[in-house]
Amino acid sequence: MTTRLFNIDPVLVDAPMPIITPRLILRPPQRGDGYILSDAKRVSWAELQQWMPWAQGDIAALSVEQEEILCRRKQADYLLREDIMLFAFERETNTLVASSGLHRMDWKTRIFEIGYWVRSDATGQGYATEITHALLRYAFNQLAANRVTICHDNENGASRRVIEKLGFVKEGEAPLDGVLHGRFRGTSYYARYDLSGLPPLDVRWECEP
Ligand SMILES: CC(C)(COP(=O)(O)OP(=O)(O)OC[C@H]1O[C@@H](n2cnc3c(N)ncnc32)[C@H](O)[C@@H]1OP(=O)(O)O)[C@@H](O)C(=O)NCCC(=O)NCCS
(Lines give C-alpha, C1' and ligand atoms only; values in the text may rest on other atoms or scores of the structure.)
Protein backbone atom coordinates (compact mmCIF):
# COMPACT_ATOMS: atom_id res chain seq x y z
CA MET A 1 0.00 0.00 0.00
CA THR A 2 1.43 3.41 -0.97
CA THR A 3 0.58 6.11 1.56
CA ARG A 4 1.13 9.67 0.43
CA LEU A 5 1.11 12.79 2.60
CA PHE A 6 0.24 16.22 1.18
CA ASN A 7 1.25 19.64 2.37
CA ILE A 8 -0.60 21.94 -0.03
CA ASP A 9 -3.30 24.32 1.16
CA PRO A 10 -6.63 22.44 0.74
CA VAL A 11 -8.12 25.46 -1.04
CA LEU A 12 -5.79 24.61 -3.94
CA VAL A 13 -7.06 21.02 -4.21
CA ASP A 14 -8.97 20.43 -7.46
CA ALA A 15 -12.40 18.96 -6.66
CA PRO A 16 -14.21 19.07 -10.01
CA MET A 17 -18.00 18.94 -10.05
CA PRO A 18 -20.52 17.63 -10.87
CA ILE A 19 -19.99 13.90 -10.45
CA ILE A 20 -22.09 11.99 -12.96
CA THR A 21 -23.16 8.37 -12.40
CA PRO A 22 -25.44 6.21 -14.55
CA ARG A 23 -28.61 7.54 -12.87
CA LEU A 24 -27.52 10.55 -10.82
CA ILE A 25 -25.79 13.92 -10.87
CA LEU A 26 -24.00 14.87 -7.66
CA ARG A 27 -23.08 18.47 -6.91
CA PRO A 28 -22.53 20.70 -3.87
CA PRO A 29 -25.51 22.67 -2.49
CA GLN A 30 -25.90 26.15 -3.91
CA ARG A 31 -27.90 29.33 -3.51
CA GLY A 32 -31.60 28.61 -4.12
CA ASP A 33 -31.55 24.95 -2.99
CA GLY A 34 -33.28 25.67 0.34
CA TYR A 35 -36.74 24.79 -0.90
CA ILE A 36 -35.88 21.45 -2.51
CA LEU A 37 -33.81 20.45 0.52
CA SER A 38 -36.64 21.22 2.95
CA ASP A 39 -39.06 19.32 0.70
CA ALA A 40 -36.80 16.23 0.66
CA LYS A 41 -36.39 16.40 4.44
CA ARG A 42 -40.14 16.73 5.00
CA VAL A 43 -40.83 13.62 2.91
CA SER A 44 -38.10 11.71 4.77
CA TRP A 45 -38.40 13.13 8.30
CA ALA A 46 -39.80 10.02 10.02
CA GLU A 47 -36.92 7.87 8.73
CA LEU A 48 -34.30 10.55 9.30
CA GLN A 49 -35.45 10.99 12.90
CA GLN A 50 -34.86 7.31 13.45
CA TRP A 51 -31.18 7.41 12.50
CA MET A 52 -29.75 10.91 12.18
CA PRO A 53 -28.86 12.78 15.39
CA TRP A 54 -29.36 16.13 13.58
CA ALA A 55 -32.94 15.24 12.56
CA GLN A 56 -34.63 15.68 15.92
CA GLY A 57 -37.54 17.87 16.85
CA ASP A 58 -40.79 18.79 15.17
CA ILE A 59 -40.95 18.81 11.39
CA ALA A 60 -42.98 22.03 11.63
CA ALA A 61 -39.85 23.79 12.87
CA LEU A 62 -38.06 23.06 9.58
CA SER A 63 -38.07 26.28 7.57
CA VAL A 64 -37.06 26.91 3.98
CA GLU A 65 -34.98 29.86 5.22
CA GLN A 66 -32.96 27.68 7.61
CA GLU A 67 -32.34 25.13 4.84
CA GLU A 68 -31.30 27.93 2.48
CA ILE A 69 -28.79 29.12 5.08
CA LEU A 70 -27.46 25.57 5.37
CA CYS A 71 -27.11 25.30 1.57
CA ARG A 72 -25.19 28.56 1.30
CA ARG A 73 -22.90 27.61 4.19
CA LYS A 74 -22.23 24.23 2.59
CA GLN A 75 -21.47 25.91 -0.72
CA ALA A 76 -18.88 27.99 1.11
CA ASP A 77 -17.50 24.90 2.89
CA TYR A 78 -17.02 23.23 -0.50
CA LEU A 79 -15.09 26.19 -1.89
CA LEU A 80 -12.90 26.24 1.23
CA ARG A 81 -12.56 22.43 1.12
CA GLU A 82 -13.76 22.25 4.72
CA ASP A 83 -16.58 19.84 3.93
CA ILE A 84 -17.94 18.38 0.68
CA MET A 85 -21.69 17.96 1.01
CA LEU A 86 -23.24 16.68 -2.22
CA PHE A 87 -26.84 16.60 -3.36
CA ALA A 88 -27.81 13.74 -5.69
CA PHE A 89 -30.35 14.51 -8.40
CA GLU A 90 -32.04 11.84 -10.50
CA ARG A 91 -30.92 12.53 -14.06
CA GLU A 92 -34.29 11.52 -15.47
CA THR A 93 -36.51 13.67 -13.20
CA ASN A 94 -34.09 16.22 -11.69
CA THR A 95 -35.48 15.28 -8.24
CA LEU A 96 -33.22 15.65 -5.20
CA VAL A 97 -33.13 12.02 -4.08
CA ALA A 98 -30.22 12.00 -1.63
CA SER A 99 -27.76 14.04 0.34
CA SER A 100 -24.31 12.61 0.77
CA GLY A 101 -20.73 13.73 0.77
CA LEU A 102 -17.15 13.50 1.92
CA HIS A 103 -16.82 14.80 5.45
CA ARG A 104 -14.37 15.17 8.39
CA MET A 105 -11.52 15.19 5.94
CA ASP A 106 -7.84 15.42 6.72
CA TRP A 107 -6.20 16.89 3.64
CA LYS A 108 -2.66 16.08 4.78
CA THR A 109 -3.29 12.34 5.21
CA ARG A 110 -6.13 12.32 2.65
CA ILE A 111 -8.65 10.57 4.88
CA PHE A 112 -12.37 11.17 4.20
CA GLU A 113 -15.64 9.97 5.70
CA ILE A 114 -18.70 9.19 3.58
CA GLY A 115 -22.20 9.92 4.89
CA TYR A 116 -25.62 9.65 3.24
CA TRP A 117 -29.37 9.75 3.49
CA VAL A 118 -31.85 8.97 0.74
CA ARG A 119 -35.26 10.56 0.25
CA SER A 120 -37.78 8.08 1.70
CA ASP A 121 -39.78 7.67 -1.50
CA ALA A 122 -36.56 6.84 -3.40
CA THR A 123 -35.05 4.16 -1.11
CA GLY A 124 -34.63 0.54 -2.16
CA GLN A 125 -33.43 1.41 -5.68
CA GLY A 126 -29.71 1.17 -5.07
CA TYR A 127 -29.09 4.92 -4.89
CA ALA A 128 -27.06 4.88 -1.65
CA THR A 129 -24.89 2.14 -3.14
CA GLU A 130 -24.42 4.01 -6.44
CA ILE A 131 -23.53 7.24 -4.64
CA THR A 132 -21.12 5.62 -2.18
CA HIS A 133 -19.42 3.70 -4.98
CA ALA A 134 -19.05 6.90 -7.03
CA LEU A 135 -17.62 8.76 -4.02
CA LEU A 136 -15.09 6.00 -3.44
CA ARG A 137 -13.91 6.33 -7.04
CA TYR A 138 -13.83 10.12 -6.74
CA ALA A 139 -11.93 10.03 -3.44
CA PHE A 140 -9.25 7.57 -4.58
CA ASN A 141 -8.91 8.67 -8.22
CA GLN A 142 -9.42 12.44 -7.97
CA LEU A 143 -8.58 13.35 -4.36
CA ALA A 144 -5.71 10.87 -3.85
CA ALA A 145 -7.35 9.34 -0.78
CA ASN A 146 -5.36 7.00 1.43
CA ARG A 147 -8.36 5.86 3.46
CA VAL A 148 -12.13 6.38 3.17
CA THR A 149 -14.23 5.63 6.24
CA ILE A 150 -17.93 5.03 6.82
CA CYS A 151 -20.01 3.94 9.80
CA HIS A 152 -23.51 2.83 10.75
CA ASP A 153 -25.68 2.56 13.83
CA ASN A 154 -25.66 -1.14 14.75
CA GLU A 155 -29.43 -1.25 14.41
CA ASN A 156 -29.43 0.29 10.92
CA GLY A 157 -29.63 -2.82 8.72
CA ALA A 158 -30.06 -0.94 5.42
CA SER A 159 -26.95 1.17 5.97
CA ARG A 160 -24.94 -1.89 7.03
CA ARG A 161 -26.00 -3.63 3.81
CA VAL A 162 -24.84 -0.71 1.63
CA ILE A 163 -21.44 -0.77 3.34
CA GLU A 164 -21.06 -4.53 3.08
CA LYS A 165 -22.09 -4.57 -0.59
CA LEU A 166 -19.22 -2.19 -1.34
CA GLY A 167 -16.60 -4.31 0.40
CA PHE A 168 -15.59 -1.96 3.22
CA VAL A 169 -13.40 -3.59 5.88
CA LYS A 170 -14.72 -3.42 9.42
CA GLU A 171 -12.19 -1.61 11.63
CA GLY A 172 -14.06 -1.75 14.92
CA GLU A 173 -17.14 -1.24 16.96
CA ALA A 174 -18.04 1.18 19.74
CA PRO A 175 -20.85 -0.42 21.78
CA LEU A 176 -21.85 2.75 23.66
CA ASP A 177 -21.16 5.37 21.03
CA GLY A 178 -23.85 7.91 21.78
CA VAL A 179 -27.41 8.40 22.90
CA LEU A 180 -30.30 8.55 20.44
CA HIS A 181 -33.94 8.52 21.52
CA GLY A 182 -32.93 8.20 25.15
CA ARG A 183 -30.72 5.12 24.96
CA PHE A 184 -27.16 4.20 24.11
CA ARG A 185 -26.46 3.10 20.56
CA GLY A 186 -23.55 1.14 19.16
CA THR A 187 -21.69 2.10 16.00
CA SER A 188 -19.66 -0.05 13.59
CA TYR A 189 -16.73 1.61 11.81
CA TYR A 190 -15.40 0.59 8.40
CA ALA A 191 -12.85 1.74 5.83
CA ARG A 192 -11.51 1.16 2.36
CA TYR A 193 -7.87 1.73 1.43
CA ASP A 194 -8.25 1.38 -2.35
CA LEU A 195 -10.77 0.37 -5.01
CA SER A 196 -9.82 -3.29 -5.20
CA GLY A 197 -12.62 -5.75 -5.90
CA LEU A 198 -15.26 -3.16 -6.80
CA PRO A 199 -17.30 -3.86 -9.93
CA PRO A 200 -17.03 -1.37 -12.82
CA LEU A 201 -19.06 1.86 -12.52
CA ASP A 202 -19.57 4.43 -15.24
CA VAL A 203 -18.74 7.59 -13.27
CA ARG A 204 -17.12 10.82 -14.41
CA TRP A 205 -16.66 14.36 -13.13
CA GLU A 206 -16.44 17.68 -14.88
CA CYS A 207 -14.81 21.08 -14.50
CA GLU A 208 -15.02 23.00 -11.25
CA PRO A 209 -17.59 25.82 -11.44
C1 LIG B 1 -29.75 3.66 4.69
C2 LIG B 1 -30.19 4.31 3.38
C3 LIG B 1 -29.20 5.41 3.04
C4 LIG B 1 -30.18 3.25 2.27
O5 LIG B 1 -30.46 3.89 1.05
P6 LIG B 1 -30.96 3.05 -0.23
O7 LIG B 1 -30.81 3.92 -1.41
O8 LIG B 1 -32.27 2.44 0.02
O9 LIG B 1 -29.86 1.88 -0.25
P10 LIG B 1 -29.62 0.80 -1.42
O11 LIG B 1 -30.90 0.64 -2.17
O12 LIG B 1 -28.41 1.19 -2.18
O13 LIG B 1 -29.28 -0.51 -0.60
C14 LIG B 1 -30.06 -0.87 0.53
C15 LIG B 1 -29.81 -2.35 0.86
O16 LIG B 1 -30.26 -2.60 2.19
C17 LIG B 1 -31.24 -3.62 2.18
N18 LIG B 1 -32.14 -3.32 3.29
C19 LIG B 1 -33.16 -2.44 3.34
N20 LIG B 1 -33.71 -2.44 4.57
C21 LIG B 1 -32.99 -3.32 5.31
C22 LIG B 1 -33.05 -3.75 6.67
N23 LIG B 1 -33.95 -3.24 7.52
N24 LIG B 1 -32.14 -4.65 7.10
C25 LIG B 1 -31.21 -5.17 6.26
N26 LIG B 1 -31.09 -4.79 4.95
C27 LIG B 1 -31.98 -3.89 4.50
C28 LIG B 1 -31.86 -3.55 0.81
O29 LIG B 1 -32.51 -4.76 0.45
C30 LIG B 1 -30.60 -3.28 -0.04
O31 LIG B 1 -29.82 -4.44 -0.19
P32 LIG B 1 -29.85 -5.33 -1.54
O33 LIG B 1 -29.39 -4.42 -2.65
O34 LIG B 1 -28.92 -6.43 -1.26
O35 LIG B 1 -31.27 -5.76 -1.72
C36 LIG B 1 -31.63 4.89 3.48
O37 LIG B 1 -32.50 3.89 3.94
C38 LIG B 1 -31.73 6.10 4.39
O39 LIG B 1 -31.51 7.21 3.96
N40 LIG B 1 -32.05 5.90 5.69
C41 LIG B 1 -32.22 7.01 6.61
C42 LIG B 1 -30.91 7.73 6.90
C43 LIG B 1 -29.80 6.77 7.23
O44 LIG B 1 -30.01 5.74 7.86
N45 LIG B 1 -28.58 7.13 6.81
C46 LIG B 1 -27.41 6.32 7.07
C47 LIG B 1 -26.79 6.72 8.34
S48 LIG B 1 -25.39 5.68 8.68
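Before moving on, here are some points about what is shown:
- Strands (runs of 3 or more DSSP E) lying entirely in the range 120-209 (those with 3 or more residues that are surrounded by fewer than 18 Cβ atoms within 10 Å (Cβ to Cβ) and among the hydrophobic types (A, V, I, L, M, F, W, C)): 169-180
- Sub-8 Å Cβ pairs linking a first residue in the range 46-58 that is farther than 15 Å from Thr123 by Cα to a second residue that is modelled with pLDDT of 95 or more and not aliphatic (A, V, I, L, M), at least 6 apart or interchain, are Met52/Trp117; Ala55/Lys41; Ala55/Trp45; Ala55/Gln49; Gln56/Gln49, ordered by first then second residue.
- Of residues in the range 92-119 being among the polar types (S, T, N, Q) and more than 15 Å from the ligand (Cβ to nearest atom), the one surrounded by the most Cβ atoms within 10 Å (Cβ to Cβ): Thr109
- Filtering the range 160-173 to residues that are within 10 Å of the ligand (Cβ to nearest atom) and in contact with a strand residue (DSSP E or B) (Cβ under 6 Å, 6 or more places away or on another chain) leaves Arg160, Ile163.
- If the condition is being small (Gly, Ala, Ser) and either buried (at least 16 other Cβ atoms within 10 Å of the Cβ) or closer than 20 Å to Glu206 by Cβ (or both), then the range 33-62 contributes Gly34, Ser38, Ala40, Ser44, Ala55.
- Phe87, sole failed condition from (1) more than 13 Å from the ligand (Cβ to nearest atom); (2) in contact (Cβ under 8 Å) with a residue 40 or more places away in the chain; (3) farther than 14 Å from Asp33 by Cβ: (3)
- The set of residues from the range 138-159 being within 13 Å of the chain's Cα centre (by Cα), more than 12 Å from the ligand (Cβ to nearest atom) and touching a residue at least 40 places away in the same chain (Cβ under 8 Å) comprises Tyr138, Val148.
The values are calculated or read from the model by the stated rules, or taken from the named source; none is laboratory data. Everything numeric in this text was worked out from a predicted model, so none of it was measured. Ideal geometry is used to build each Cβ from the backbone, glycine not excepted, and the neighbour counts take in all protein chains shown.
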